[in-house]
Amino acid sequence: MHGHAPQSHSNDISNIVLERINELKISTSPENYHVWHAYYSNSNQELCQHIDQLIKEETLFTEEIHQGIHKRFFGEDQQKALDDIRNSISQMVNLAGSELGNMGQEITHFESSLTNCEEKLTTTSSDMLQQLIVRLLSDTRHIHDTTRNTSQSMSQLSDQVDAMRSEIEELTKDASIDALTELSNRRIFDKSYAKLMSDAYRLDFSFSLLMLDIDHFKRFNDEYGHTVGDMVLRFVGIILNRNTKSQDVATRYGGEEFAILLPGTSLQEGMAVAERLRQSISKQTLRVGRKKRNVGKISVSIGVAQFQDSDEGDSLINRADECLYKAKNEGRNRVYGERALKSAKGKLDRQ
């Protein structure tokens, strides 16, 4: 068995984890730290049993083995990974405080020793003086070693915290960005949409929503393969990024559908943004491969709706989606706003 550290002392566990990682000569990555912290804190019984079995089989704990353990027992949950890394950093900060506290005690002891020696110097014989000097030299070496070791520990902890902070930045980015288009993902859309709805109610604030769909996207996949289909999605993502402002939220909503939140934007302004995007995309020709093969024009259909006081839940999304459906039905490669939608419904009501 591995002899787990007491759960009550996180600093002790952090020390043991770092010693184990150094002993294995592996990187102090958040994943490796997470695996061994769970092991020594006995917080995951299945993981502990699995590692005990690997130790029994004399398995070499390589980076690849650690990656496999982390993926198996902690999966791909990025938010949990972020929380675990933040917790690890907090524990390292506590450990640093403990190290500095110990050094402070050593310095206090050294100062006390110096004072004591100073008091004795006036009334000591030569033999006693020599003993005092030997004692002072010993205490000086000790405080020097303590300071040097603490400095090394602080340097290592600093490097480890920096590495974990970098990992947090990467995980935060991964948790919010669609890897293919480099636009915000659906999670960020849902969060931003909820906030804008709340702001609109509280602050008499309005915003518009664009729902955008690539026309005949299936044709690109069927005729040229999914690699070209991915290129089309990436191409549209680039155009959306270039033609939206920093406060706008351009997202890949799902599949070949995109959504853009435009804070402080009226329906008329939203229609203008949508038309500009439509034209920017339709005037481009996508060429792929070394031979720059022309795969044809890309076009999009866009539905536009503006927040209304009566909106709640997904009602705004539903209206924008309905406008998008109308744009496709009327020939694609066009923008359709909810004003036209209301007008069309009014005509039907009068018939």
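Quick look at the numbers
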| item | result |
| --- | --- |
| HN-Hα J in Hz across the stretch 243-255 - Karplus 6.51, -1.76, 1.60, θ = phi - 60°, x for Gly and Pro | 10, 10, 7, 4, 7, 6, 10, 8, 9, 8, 6, x, x |
| Cα-centred dipole magnitude for the stretch 202-351, charges only on beta-carbon of K, R (+1) and D, E (-1), debye, nearest 20 | 1040 debye |
| Nitroxide proxy distance, nm - points 7 Å out along Cα→Cβ at L24 and Q247 | 4.9 nm |
| V295, V232 arranged by Cβ crowding within 10 Å, fewest neighbours leading | V295, V232 |
| Residues Y39, Y201 arranged by fewest to most Cβ contacts within 10 Å | Y201, Y39 |
| Residue exposure sequence - T227, T28 - by fewest surrounding Cβ within 10 Å | T227, T28 |
| Unsatisfied cross-links (Cα-Cα over 28 Å) in the set K297/K328; K283/K328; K218/K291; K71/K292 | K71/K292 |
| Interchain or long-range residues, amide H under 5 Å from L286's placed H | V295, G296, I298 |
| Estimated FRET transfer efficiency (N221, F73; beta-carbon r; R0 25 Å; 0.05) | 0.10 |
| Three-way shape label, the stretch 10-75, alpha-carbon gyration tensor, a/c 1.5 | rounded |
| Under 5 Å, built H, 5+ apart or other chain: amide partners of S184 | D178, A250, R252 |
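Where a number appears in this text, it was derived from the coordinates with a stated rule and is not lab data. On a predicted model such as this, the values are computed, not experimentally measured, just so you know. Please note: Cβ atoms are built from the backbone with ideal geometry, for glycine as well, and neighbour counts cover all protein chains shown.
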